[in-house]
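Enquirer: Pasting in a structure now, in structure tokens, and then I'll have a few things to ask.
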Amino acid sequence: MKAVYAEIITVGDEILYGQIVDTNSAWMGTELTKIGIRVKQITSVSDEASHIVQALDDARSRADIILITGGLGPTKDDLTKNVLADYFHTELKLDEQSLADVTELFKSRGYALTELNRQQAFLPASCTPVRNVLGTAPGMWFEDEGKVFVSMPGVPFEMKRMMEDTVLPQLKAYFKTPHIIHKVIQTVGIPESMLAEKLEDWETSLPPHIRLAICHTSAACVCA
């Protein structure tokens, strides 16, 4: 069975400036592995349209699935949705379900819906909306030339709920993925370099589909 590869793109100057730590990618990598999808690369880019486009082009050349988080808020520096509309040569249109969701969310919190937040219900016409039941920014699922692109909010609890409810089940149904098995062997009292030397001949003899990673905590991780 052919391996399925994903790349993760995180968008936001706040990540590059060190104002927040990207915990999304680690969580996503763990969950993707559980359903047999291998993460090829993780990339963080600034809130600049040309950088986002370049990251999308690079990712699609290597991976089957491109997952994007961040840049979906209501402020001017949130460019991801508009960039994706241009990237897939489509226009923004009002999605009634997304508008109903954001309206209900504001109502439940005792706020009137602002025009900025209403604009978040406008999505690229070629995408399949991914409902966000915890926030104001819907996700977007695109299919293009055999590749799947999914854009989600950068807010961790919103992204996780969206992944668990919709994205992971749909990816599992869309792609036929092999099982990925991890075996972790804890070692004590031996430095990483010495462990690598002892395992060198054995590692060289491993078949291509089995890879060894020796962590700085002196754990040998084998995945197939």
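Enquirer: Mind checking which residues of region 78-105 are assigned to a loop (DSSP other than H, G, I, E, B) and either of a type in the set (S, T, N, Q) or surrounded by fewer than 13 Cβ atoms within 10 Å (Cβ to Cβ) (or both)?
Expert: Selection gives 89, 90, 91.
Enquirer: Would you please name the residue that is modelled with the lowest pLDDT, looking only at residues in region 63-77 that are within 20 Å of residue 6 (Cα to Cα) and part of a loop (DSSP other than H, G, I, E, B)?
Expert: Checking each candidate, the answer is 71.
Enquirer: Being open to solvent by 60 Å² or more (accessible area, probe 1.4 Å), modelled with pLDDT of 90 or more and among the polar types (S, T, N, Q) narrows it down to one of 120, 170, so name that one.
Expert: 170
Enquirer: Could you check, for region 43-63, whether at least one of its residues is more than 20 Å from residue 139 (Cβ to Cβ), touching a residue at least 60 places away in the same chain (Cβ under 8 Å) and in contact with a helix residue (DSSP H, G or I) (Cβ under 9 Å, 6 or more places away or on another chain)?
Expert: No, region 43-63 contains no residue that is more than 20 Å from residue 139 (Cβ to Cβ), touching a residue at least 60 places away in the same chain (Cβ under 8 Å) and in contact with a helix residue (DSSP H, G or I) (Cβ under 9 Å, 6 or more places away or on another chain).
Enquirer: Further question on the same structure: Kindly indicate which of 49, 55 is buried (at least 18 other Cβ atoms within 10 Å of the Cβ), at pLDDT 95 or above and in contact with an Asp or Glu (Cβ under 9 Å, 6 or more places away or on another chain).
Expert: 55
Enquirer: Residue 198 is checked against (1) in a helix (DSSP H, G or I); (2) surrounded by fewer than 18 Cβ atoms within 10 Å (Cβ to Cβ); (3) touching a strand residue (DSSP E or B) at 6+ places or on another chain (Cβ under 7 Å) and fails just one. What number does that condition carry?
Expert: Only one criterion in (1) in a helix (DSSP H, G or I); (2) surrounded by fewer than 18 Cβ atoms within 10 Å (Cβ to Cβ); (3) touching a strand residue (DSSP E or B) at 6+ places or on another chain (Cβ under 7 Å) is unmet by residue 198, namely (3).
Enquirer: Restricting to region 21-40, name every residue that is surrounded by 14 or more Cβ atoms within 10 Å (Cβ to Cβ) and not in a helix (DSSP H, G or I).
Expert: Once the filter is applied, which keeps residues that are surrounded by 14 or more Cβ atoms within 10 Å (Cβ to Cβ) and not in a helix (DSSP H, G or I), region 21-40 yields 22, 35, 36, 37, 38, 39, 40.
The values are calculated or read from the model by the stated rules, or taken from the named source; none is laboratory data. Remember, it's a predicted structure, so these values are computed and weren't measured experimentally. Every residue, glycine among them, receives a Cβ derived from its backbone with ideal geometry; neighbour counts consider all protein chains shown. The accessibility values were calculated without ligands, DNA or RNA, using every heavy atom of the protein model including side chains. Shrake-Rupley method; radii C 1.70, N 1.55, O 1.52, S 1.80 Å.
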